[in-house]
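Read the structure below first, then the notes.
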Amino acid sequence: MATEVRMPQLGLTMEEGTIGKWIKQEGDIVQKGDVLVEITTDKLSSEIESETDGTLLKIVANEGEDIPVKGLIAYIGQEGEQVDGSADTSDKKKEENEIVEETKVAQESEKSSTVTVGGRIKASPLAKKTAANLGVELKGITGSGINGRIIQKDVFEASERQKNVPAEVEKAKTVTQVATNADQVIPLSNMRKVIGKRMSQSKQTAPHVTITTEVNVDKTVDLRNKLNAKNTDVRFSYTDILVKMVSAALRSYPIINSSITEDSLIIHDRVNIGVAVALEDGLIVPVVRDADRKGLKVITRETKDLISKARENNLSPDEMNGATFTISNLGGYDIDGFTPVINLPESCILGVGRIVKKPFVNENDEIVPASMMVLSLSFDHRVVDGATAAEFLKKLKGYLEDPDNMYV
């Protein structure tokens, strides 16, 4: 019996994947471990390996198609084996069957121009997706499906009609659009959709409280300069140093290193620091695992490797999941301070501003120039109390003001 190949779930937040490129073609012999297909998600590109030996009998999902997690994408079986199409329960197959049925009914019945009920456009899911891909407005299309429902065929026909609009009319239309409306309508990428969904969920479900403090980081600046002067094989960044200091401080305040679920609180034993990385079209958070048990040089190398992979879209699912605390550093963008949004289910996130020289009153009441940095800690008030959050931030501030405090 043929084996179904389905879209894997490569991360907790993954809802669908896009078929990138089929490495194997129908009729190819495949062995367990052979790469079948490349897929892309909102966060990464991955090669999907065969989990069985056999022949690639049928490719169900074509390149460029978005397939939900667990959706059917192919069959593998014995050479010459017939695939029973009726066993295909994927959304795609359902849509195909739906189109066939609707087309038959449409041919036998009189077309109806009723396409809306209560203002809602009646269209099959595949028709909606096709319309989105082709940039065709469903409004105004007369459906040929059951009770005037718009099906994919109607969208294709509407798209063709749009292409046949006389050039002069189209040109005039374009000129009018440029003159009256210069807005660009850009479909949201999967990554942007997930970011929007998760940020909205975080702000709606977690009662955010953000506390800030300003830190004299003269000694941390000196430390970084000394380390970079002594070590020519690696260059330490302030983010690397913060990962080390934060992980050390989290050991003193385990509740800060926690996550919340619907009915439980998880105080993590491991300290895994997520580092927010801005990409051209989104944001991603690779994870430095067990940061509290690693030296600064190891952290620096890992962080640079993760950031490089993130920007090349080569992070593995393991490298993106499992963070227990996140750092978001916007200092490199000349931002003084900000209020970061908690990366659920984590309970806290640290925002880091730029280092800037300012007048500072020292212990002798003298005004001296000092390198100052603003830290912002957003915490989930369901989990963390204000006093505890303040103590943690004070601890971290102490490390930044004098790194030797980490060893006391």
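Report the residue count in the stretch 9-27 for those that are open to solvent by 30 Å² or more (accessible area, probe 1.4 Å), at pLDDT 85 or above and not polar (S, T, N, Q). Number of matching residues: 4.
The single condition among (1) farther than 25 Å from residue 355 by Cβ; (2) open to solvent by less than 30 Å² (accessible area, probe 1.4 Å); (3) assigned to a helix (DSSP H, G or I) that residue 259 does not satisfy is (3). Only one of the listed residues (304, 297, 358, 394) is charged (D, E, K, R), touching a Leu at 6+ places or on another chain (Cβ under 9 Å) and either more than 24 Å from residue 265 (Cα to Cα) or open to solvent by 50 Å² or more (accessible area, probe 1.4 Å) (or both). That residue is 297. For the stretch 127-142, filtered to residues that are among the small types (Gly, Ala, Ser) and at pLDDT 75 or above, the residue that is surrounded by the most Cβ atoms within 10 Å (Cβ to Cβ) is 131. Tell me which residues, restricted to the stretch 361-386, are assigned to a loop (DSSP other than H, G, I, E, B) and either under 20 Å from residue 402 (Cα atoms) or open to solvent by less than 10 Å² (accessible area, probe 1.4 Å) (or both). Residues satisfying the conditions are 362, 363, 364, 365, 366, 384.
Inspection of the stretch 381-401 identifies at least one residue that is touching a Lys or Arg at 6+ places or on another chain (Cβ under 9 Å), of a type in the set (D, E, K, R) and closer than 24 Å to residue 225 by Cα. Among the criteria (1) surrounded by fewer than 23 Cβ atoms within 10 Å (Cβ to Cβ); (2) in a strand (DSSP E or B); (3) in contact (Cβ under 8 Å) with a residue 60 or more places away in the chain, the one residue 352 does not fulfil is (1). Scanning the stretch 242-256 for residues that are open to solvent by 40 Å² or more (accessible area, probe 1.4 Å) and closer than 16 Å to residue 407 by Cα yields 244, 251, 252.
The values are calculated or read from the model by the stated rules, or taken from the named source; none is laboratory data. Here the structure is a predicted model, which is why all the values come from computation and not from measurement. In this analysis, Cβ positions are derived from the backbone assuming ideal geometry, glycine residues included, and neighbour counts consider all displayed protein chains. Heavy atoms of the whole protein, side chains included, go into the accessibility calculation; ligands, DNA and RNA do not. Shrake-Rupley method; radii C 1.70, N 1.55, O 1.52, S 1.80 Å.
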